[in-house]
Amino acid sequence: MAAPDLADLDAFTEVARARSFRGAAALRGASASGLSEAVRRLESRLGVRLLNRTTRSVTPTEAGQRLLQRLGPALTEVTAALDAINDHRDTPTGTLRLNVPVIVARVILPPLIGPFLAAHPGITLEIVAEDSFIDVLAAGFDAGIRYDERLERDMIAIPIGPRTQRFAGAAAPAYLRQHGHPTHPNDLLRHACIRHRFASGITPPWEFERAGQTVRIVPSGPVVANIIEVELQAAIDGLGIIFTFEDFLSASLTNGQLQPVLQDWWQTFSGPRLYYPSRTHMPAPLRAFVDFVKGKEG
């Protein structure tokens, strides 16, 4: 039996980890049909089914799971060996894959991307923005960006972007003229509120803090969305009070489309951190990005 193609083994690993051809294709920047063909080719060559496929899920068979367990470390070593060639280049080359929250993708990364890629033209930067918590390494990413409460404790973490951020409340002037200004977070229970729903289906409570006192409420209102542009426009249109990252509201607060609500209760929290595993052979693109971020912080 001829040895399987390394690219087919890599494709199988990606699909098995993502439990989805489409998910793996999105992460790799490839086509789902191409990955499916690679897995079929590998199964044909090995003479065994590696993945169980249904219309709703893709899961490794027992043979597939055993192969995945052995392949993961081996492919990591292959990647590290190939990446070691970068040590002999004037500038690093390769792909850096980051998994980040939506707020980071929209607000924090854009000012960094241009200067970083200008300094390292051989690097391709792949960014996937999602607020759900995943094992970024198992999903095939080189590093992630998350906030303190979501950081894995066995990872190295360095600040990226602002040291602190705030959640802020706001509403259109017309809404506040008609319904009045809340003076305490509990007043929001009598107001129309615009809520955010994460991809997981969770609609989190709103949390406020002042002088050591924390108040959590579960508001209600006419709009629930998972897209900040929809939520922001609803607030500007006077449909209710919005509560989100201050960064999302700053332009509308500055131009007067929105007015602050309960400003003395806005909660401050630590800014995001870039996190990555502590390993001897760090991929050159990741090492370059870490050095770039540290240089910005310094």
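With charges set only on the Cβ (+1 for Lys and Arg, -1 for Asp and Glu), what does the dipole of the stretch 145-263 come to about its Cα centre, in debye to the nearest 20?
The calculated dipole for the stretch 145-263 is roughly 220 debye.
How far is helix 6-18 tilted off the main Cα axis of the chain, in degrees rounded to 10, range 0 to 90?
So the inclination is approximately 30 degrees.
With the alpha-carbon atoms as the only input, what is the per residue convex hull volume for the chain in Å³?
Taking the convex hull of the Cα positions in the chain, it is 166 Å³ per residue.
Charges on Cβ only, +1 for Lys and Arg, -1 for Asp and Glu, centred on the Cα centroid of the chain; of Ser31, Asn52, Ala118, which one is farthest towards the dipole's positive end?
Result: Asn52.
Please report how far the C-alpha centroid of the stretch 100-145 lies from that of the stretch 194-250, rounded to the nearest whole angstrom.
25 Å
Would you work out which of Ser250, Phe141, Ile160 lies farthest towards the positive end of the dipole of the chain? Charges go on Cβ: Lys and Arg +1, Asp and Glu -1.
Phe141
Express in Å², to the nearest 10, the accessible area of Ile123 obtained by rolling a 1.4 Å probe over the protein heavy atoms while all chains stay in place.
The value for Ile123 is about 10 Å².
Taking every alpha carbon pair in the stretch 166-293, what does the distance histogram look like in 10 angstrom bins from 0, in percent?
Result, from short to long distances: 12, 38, 25, 13, 10, 2, 0 percent.
Defining a contact as two alpha carbons under 8 Å apart and six or more residues distant in sequence, what relative contact order in percent does the chain show?
RCO, the chain: 21 percent.
Which of Val104, Val128, Phe198 sits farthest toward the positive end of the charge dipole of the chain, with +1 on the Cβ of Lys and Arg and -1 on the Cβ of Asp and Glu?
Highest projection toward the positive end goes to Phe198.
I'd like the antiparallel share, as a percent to the nearest 5, of DSSP beta bridges with both residues in the chain.
65 percent
Per DSSP helix of 4 or more residues, -39500 (n - 2.57); summed, then divided by the residues of the chain. What does that give at 222 nm, rounded to the nearest 500?
Helix contribution divided over all residues of the chain: -11000 deg cm²/dmol.
Note down the magnitude of the dipole of the chain about its Cα centre, charges +1 on Lys and Arg C-beta and -1 on Asp and Glu C-beta and zero elsewhere, to the nearest 20 debye.
Taking the Cα centre of the chain as origin, the dipole is about 540 debye.
The values are calculated or read from the model by the stated rules, or taken from the named source; none is laboratory data. Quantities reported herein were computed from a predicted structural model and do not represent experimental measurements. With ideal geometry, Cβ positions are generated from the backbone for all residues, glycine too; neighbour counts draw on all protein chains shown. SASA here: full protein model, heavy atoms, side chains in, ligands and nucleic acids out. Shrake-Rupley method; radii C 1.70, N 1.55, O 1.52, S 1.80 Å.
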